[in-house]
Amino acid sequence: MLDIKDILAGNQNAGAGMIRLVEDRDPLAHELLKRLYPHAGRAFIIGITGSPGVGKSSLIDGLIAEFRGLNKRVAVIACDPSSPVTGGAILGDRLRMQRHAADEGVFIRSMASRGEKGGLSRAAKDAVLVLDAMGYPIIIIETAGAGQTEVDVADIAHSVGIVTIPGTGDGIQAIKAGILETGDVFIVNKSDRPDSEAAVFELNMMLGLRPPSKDVWKPLVLQTQALDGTGVRELARVFLSHFDFLRQEGRLEKKQIKMESRYFQSLVRDLALEKIMAALETSKGYQDAFKKIRLRGTDPVTAAESVMDTIRVLNNDTKYHC
Ligand SMILES: Nc1nc2c(ncn2[C@@H]2O[C@H](COP(=O)(O)OP(=O)(O)OP(=O)(O)O)[C@@H](O)[C@H]2O)c(=O)[nH]1
Ligand SMILES: [Mg+2]
């Protein structure tokens, strides 16, 4: 039986059990999360994102070593939106970080989507809360994809590293899809390959187009070679200095408020939708409207609008009164 005290004491078995509950969306997880919440909010959360295979896990492996060298405990969540069927751990991610498996100061979990849209994002957020409550000062989230990912890492992490590789195709092109705004550090990994300098140049050009502001963090472009560790120490330093920057002049708090307000809004939205839909789908108005569509007596948009009118009626007299 999971004991909240064990989680707060940083017990890894308890933490793993709790994260499994979160992943399974077990009702017990909700109860435990509510009790963990007051104990979280201290960790520095780093998001590492980028197209599949760019070297995220290899980089995180190096970052873990750097942070451990500074005597900081580290937890990692690797998210895999692509395996709803197996639903298991992603072997590759764990293998890349295998050398830290015996280190008590390191805790690595993988999470997979259970198919439900947005499920992984919520589960990742909850898992971070668990790791935070366990007392890890640094939490790293790995998410695949660049912009199209199910997990919007900028909503979870304080600092976002976007990983690309030299050459066109996957790398820089993917970044153009609108995630430029969310990156705090841009990492050109596999810089042992040709055209690494060109990738850095192109990224700097793109970032240069942002309007400068003294109160805003200026994103950096770094080159790394995760396999031999080149540039990884600097990357770790940049993340820590971004954290220092955030801690000044109330920036971290402001960021936290923004993140929490978005999370709260999405929770309320999910709950509202769930409740209203549950009530609507069994209502006569909904059934009648659908019947009308099927008989071509009305079009779907008009029918949907008429169903919305029945919500207003519900609103006035019953449980959805605001
Ligand atoms: N040449 C070269 N290969 C690298 C470098 N970093 C990682 N790789 C290789 O790239 C492949 C993918 O590395 P991963 O760390 O698993 O990449 P990932 O982004 O975590 O991949 P997914 O989790 O599948 O999205 C592996 O074969 C690594 O050995 C690098 O700096 N140079
Ligand atoms: Mg990986």
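Could you run the Karplus curve 6.51 cos²θ - 1.76 cosθ + 1.60 with θ = phi - 60° over the range 20-32 and give me ³J(HN,Hα) per residue in whole Hz, x for Gly and Pro?
For the range 20-32, the Karplus-derived couplings read 4, 4, 4, 5, 7, 6, 5, x, 4, 4, 4, 4, 5 Hz, x marking Gly and Pro.
How large is the direction-averaged shadow of the alpha-carbon convex hull of the range 264-317, in nm²? Spell out each step's value before the answer.
Values: hull surface 16.5 nm².
For the range 264-317, averaging the hull's shadow over all directions gives 4.1 nm².
A short reminder: the numbers here are calculations on the coordinates, not readings from a lab. Note that this is a predicted model, so its numbers are computed, not measured.
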